[in-house]
Each structure stands twice: as structure tokens, then as C-alpha cells.
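Report on the structure given below.
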Amino acid sequence: MQDTDMVQRDDSDEQTPYHIDESWFEENDFSFESFVQSRMCSECQARLGEEVEERYTVLNKKTGRATFDFRKVPYGSSPAAVIRDCCSKKKDYILPDMATLEAVFRVYLAHGNQPMPLDHVREQLGDWCPGGGCQWLILPMASLERLVQNDRFYGIRPHLLPTAA
């Protein structure tokens, strides 16, 4: 879809939600999977490539019923899901001295890359910094917004909605 077919939310009461734009990585000749896999915990990185069963939904077009089936895939082939389900639950997933954009990126991964406004991201970062003195919490919200808007490394972009037809 082209940018002209999309529109950004325009609610004055609501902040713009952001997400990690996987297509940004492709457009910039980076591998999203490799980039995210490098953020996995050491236990999960050690399992990369191990064959595992993955459950997926199959929709019967005639009956409209959904069933589940299994397939064998290499562990880590969905790295964001591995981070969401395992790595983000470990105490050292986000550290107080971590770079601000790295910490923001990891929050989005921990939440399955669901679009979130930056104030919600900041609340999540607060959970990783119980003392409150972490650099990303001291940073004014306007500065955090500028950092994210000028991101050239993590693919964090505004979440765009399709225009109504």
C-alpha cells in the first residue's frame, strides 16, 4: 500500500501510536529476523535453528470453521514471538543503562509489536526502572518523541491506518 493510501490518526486527545515497521528493515537492506534474534536471551539464542512444532490456524473456506494444525519450524523463526513469550520476562531484558531507543524497541517487542503511544511505552519502561533514575525516564516526553521520530536504526514508525473507503 502506498503512503497516499494511508492516513495517520488525527485525534487531538490521543497520542500517535508507534510500532516497529518490519518493512523498514527490508527497505534498508537489513534482516528484521536477525536484528530481533540478537535481542533474544542467551537460552533462546542457543536454541536457534532447533526444530520445534508450531501450532497454526487453518480456516475451512466451505464451512468457515477454524481448526488447528502443526508444522515443524526452526526455533526462532518468529523471533518477536520468542521475545514476547520468553526473553522479555527475564530481569535483564531491559537494563537501566541501556540506550533509550534500544529500550523503547525492546518494549515494543515485549508487547508483540502492538502499536502504542509513547506515554504507554514510558509507563512500561518505568516497570524496568523501579528506582526511577533511568535515563529514559528522566528524558522529557518531547525529547523522547524527537528521538523516536528521528530514529534511523530501529524502524520505529507511526502506526498508519488505512483510509475509509
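The values are calculated or read from the model by the stated rules, or taken from the named source; none is laboratory data. As the structure is a computational prediction, the values presented were derived from the model and not from experiment. Positions of Cβ are generated from backbone atoms using ideal geometry, with glycine treated the same way; all protein chains shown enter the neighbour counts.
Select from the stretch 75-84 the residues that are closer than 16 Å to Glu22 by Cβ, touching a Lys or Arg at 6+ places or on another chain (Cβ under 9 Å) and part of a loop (DSSP other than H, G, I, E, B) and list them in ascending order.
Gly76
Filter the stretch 94-127 down to the residues that are of a type in the set (A, V, I, L, M), closer than 14 Å to Pro17 by Cβ and touching an Asp or Glu at 6+ places or on another chain (Cβ under 9 Å) and list them by number.
The answer is Val104, Leu118.
Within the stretch 87-115, take every residue that is surrounded by fewer than 18 Cβ atoms within 10 Å (Cβ to Cβ) and within 12 Å of Cys41 (Cβ to Cβ) and give me the one that is nearest to the chain's Cα centre (by Cα).
Per the criteria, the residue is Lys89.
Between a first residue in the stretch 39-53 that is within 16 Å of Ile94 (Cα to Cα) and modelled with pLDDT of 95 or more and a second residue that is surrounded by fewer than 10 Cβ atoms within 10 Å (Cβ to Cβ) and of a type in the set (A, V, I, L, M, F, W, C), which pairs have beta carbons less than 6 Å apart while being 6 or more apart in sequence or on different chains?
From residues that are within 16 Å of Ile94 (Cα to Cα) and modelled with pLDDT of 95 or more, there are no pairs.
Could you list, in sequence order, the residues of the stretch 120-155 that are small (Gly, Ala, Ser) and farther than 25 Å from Glu27 by Cα?
Across the stretch 120-155, the qualifying residues are Gly126, Gly131, Gly132, Gly133, Ala142, Ser143.
Name the residues in the stretch 24-38 that are outside any loop (DSSP other than H, G, I, E, B) and free of Cβ contacts under 8 Å to residues at least 12 places away in the same chain, would you?
Glu26, Glu27, Ser34, Phe35 - these are the residues of the stretch 24-38 that are outside any loop (DSSP other than H, G, I, E, B) and free of Cβ contacts under 8 Å to residues at least 12 places away in the same chain.
Any residue that is touching a strand residue (DSSP E or B) at 6+ places or on another chain (Cβ under 9 Å), crowded, with 19+ Cβ neighbours inside 10 Å and closer than 22 Å to Ser78 by Cα - is there at least one of those in the stretch 120-129?
no
Pick from the stretch 47-70 the residues that are within 30 Å of Gln37 (Cα to Cα) and polar (S, T, N, Q): which of them is farthest from the chain's Cα centre (by Cα)?
The residue in question is Thr67.
Please go through the stretch 48-71 and give me each residue that is of a type in the set (D, E, K, R) and closer than 27 Å to Ala110 by Cβ, ordered by number.
Result: Glu50, Glu51, Glu53, Glu54, Arg55, Arg71.
Would you be able to say whether some residue in the stretch 81-96 is at pLDDT 90 or above and more than 22 Å from Cys129 (Cα to Cα)?
Checked against the condition, which is being at pLDDT 90 or above and more than 22 Å from Cys129 (Cα to Cα), the stretch 81-96 yields at least one hit.
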